[in-house]
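Quick notes on the structure that follows.
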Amino acid sequence: MTKDIVSLLKARQQAWATGSGIEIDADGYCHRCDANLFEPLSACSRRDLAVGDGSELGGNGARGKIQALHSSAALVCNFFDYWRGRDLASLGQSLDVPTRLCGLALEQKVPTGLGGNAPNIDVMLYVCDGSVFALESKFTEPFVTSSHRAFLRPKYFPEGRRLWKDAGLSGCQTLAEDLRDGRVRFELLDAAQLLKHMLGLALNWRSWTLICLWYVAGGAVSDRHADELAMFSRQIGADSTRFVAMTYQAFFDRLASLIGPEHDGWKSYLQKRYFGD
């Protein structure tokens, strides 16, 4: 079922590319990065992606992941890079950010002090009061088979310490231990990744919220993913006040209703490519 959903999402994106006159290879990758984007990457977003850990831009002759029509990074850039240098008020209102946004960045690292690659936040929204809203973006990822959705490396459980509890996240600590010991399982939701993000955020900011922004593919598999997001919130208990799940479709609809006709080109592009029937 999940394999069929991924194939469907890829087919939709390829149909959009064909209808838009965009050349792609047999794997569904655009020949040029800019061909996969509403507008060329801003210098700031290009810098953010270059220093991230996802090899999104490629290099040394290798194509970048962002060139894939089904790329989550391309979806992020098409949705958020557009707003760099523009008024962020509507963006914040659509996400229920209570005060004014003063900045936006992509692929931001949130160190946990454990060595190795720090968790990378897809989109970081900086609030003028010093808090942050961190967005983890999902496009096809939940529907791709993976064995790591409940896996946390032993370094997250050092002897004599409880990292999440020490950071003020007792509910997350309980879920992390339940995942480690096999008492709780997730089929579609990358719960381990969300827990890592919450740990990194707690260690680096006093006030923060993690938003899982995900794409509804349709059918029972999307319903199951929504159920697992709700289960994640229940499992982390009181820490769920720092966690929000929102679909891209709902986010787009809210934002589109708030912005003026000067953004019609951007709205039309996203509607046709991602949010049409």
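The values are calculated or read from the model by the stated rules, or taken from the named source; none is laboratory data. Owing to the predicted nature of the structure, the values given are computational and were not obtained by experimental measurement. Reconstructed Cβ throughout: ideal geometry from the backbone, glycine too, with neighbour counts over all protein chains shown. Only protein heavy atoms, including side chains, enter the accessible area calculation; ligands, DNA and RNA are left aside. Shrake-Rupley method; radii C 1.70, N 1.55, O 1.52, S 1.80 Å.
With respect to the stated conditions, S42 is among the small types (G, A, S) and touching a residue at least 24 places away in the same chain (Cβ under 8 Å). Six or more apart or on different chains, Cβ atoms under 6 Å: show the pairs whose first residue is in region 140-162 and of a type in the set (G, A, S) and whose second is loosely packed, with under 14 Cβ neighbours inside 10 Å and at pLDDT 85 or above. Taking only residues 6 or more apart or on different chains, the pairs are A150/R185. In region 193-221, of all residues being at pLDDT below 95 and open to solvent by less than 20 Å² (accessible area, probe 1.4 Å), the one that is nearest to F252 (Cα to Cα) corresponds to A217. Only residues that are in contact (Cβ under 8 Å) with a residue 60 or more places away in the chain and open to solvent by less than 60 Å² (accessible area, probe 1.4 Å) were counted across region 223-243, and they come to 5. Only one entry of R180, R273 meets the criterion of being of a type in the set (K, R) and either within 18 Å of M124 (Cβ to Cβ) or surrounded by fewer than 19 Cβ atoms within 10 Å (Cβ to Cβ) (or both), and that entry is R180.
Among the residues of region 204-211, are any in a loop (DSSP other than H, G, I, E, B) and not charged (D, E, K, R)? Yes - at least one qualifying residue is present in region 204-211. Quick check, is A15 at pLDDT 95 or above, open to solvent by 60 Å² or more (accessible area, probe 1.4 Å), assigned to a helix (DSSP H, G or I) and under 19 Å from F139 (Cβ atoms)? Here the answer is yes, as A15 does meet what is asked. Listed conditions (1) in contact (Cβ under 8 Å) with a residue 60 or more places away in the chain; (2) more than 21 Å from D264 (Cβ to Cβ); (3) touching a Leu at 6+ places or on another chain (Cβ under 9 Å) are all met by E56, apart from (1). Say we look at region 57-70 and pick out the residues that are open to solvent by 10 Å² or more (accessible area, probe 1.4 Å) and not aliphatic (A, V, I, L, M); which of these is nearest to D122 (Cα to Cα)? Step by step, filter region 57-70, then rank; the result is K65. Scanning region 61-87 for residues that are among the small types (G, A, S) and without any contact (Cβ under 8 Å) to a residue 12 or more places away in the chain yields a total of 2.
Please indicate, with yes or no, whether at least one residue in region 169-189 is under 30 Å from G92 (Cβ atoms), in contact (Cβ under 8 Å) with a residue 60 or more places away in the chain and in a loop (DSSP other than H, G, I, E, B). Checking region 169-189: at least one residue is under 30 Å from G92 (Cβ atoms), in contact (Cβ under 8 Å) with a residue 60 or more places away in the chain and in a loop (DSSP other than H, G, I, E, B).
Scanning region 23-46 for residues that are open to solvent by 10 Å² or more (accessible area, probe 1.4 Å), of a type in the set (S, T, Y) and not in a loop (DSSP other than H, G, I, E, B) yields a count of 1. Contact annotation: residue pairs with Cβ atoms under 7 Å, 6 or more positions apart or on different chains, pairing a residue in region 88-111 that is under 22 Å from K196 (Cβ atoms) and open to solvent by less than 30 Å² (accessible area, probe 1.4 Å) with a partner that is among the aromatic types (F, W, Y) and part of a strand (DSSP E or B), are L95/F133. Comparison of D239, D264 shows that the only residue that is modelled with pLDDT of 95 or more, in a helix (DSSP H, G or I) and closer than 18 Å to L135 by Cα is D239. Of all residues in region 1-12, which are open to solvent by 50 Å² or more (accessible area, probe 1.4 Å) and touching a residue at least 24 places away in the same chain (Cβ under 8 Å)? Answer for region 1-12, where residues must be open to solvent by 50 Å² or more (accessible area, probe 1.4 Å) and touching a residue at least 24 places away in the same chain (Cβ under 8 Å): M1, K3, L8, K10. Flag: L49 matches the condition of being open to solvent by less than 40 Å² (accessible area, probe 1.4 Å) and of a type outside the set (K, R).
The residue that is nearest to I211 (Cα to Cα), among those in region 78-124 that are among the acidic types (D, E) and part of a strand (DSSP E or B), is D122.
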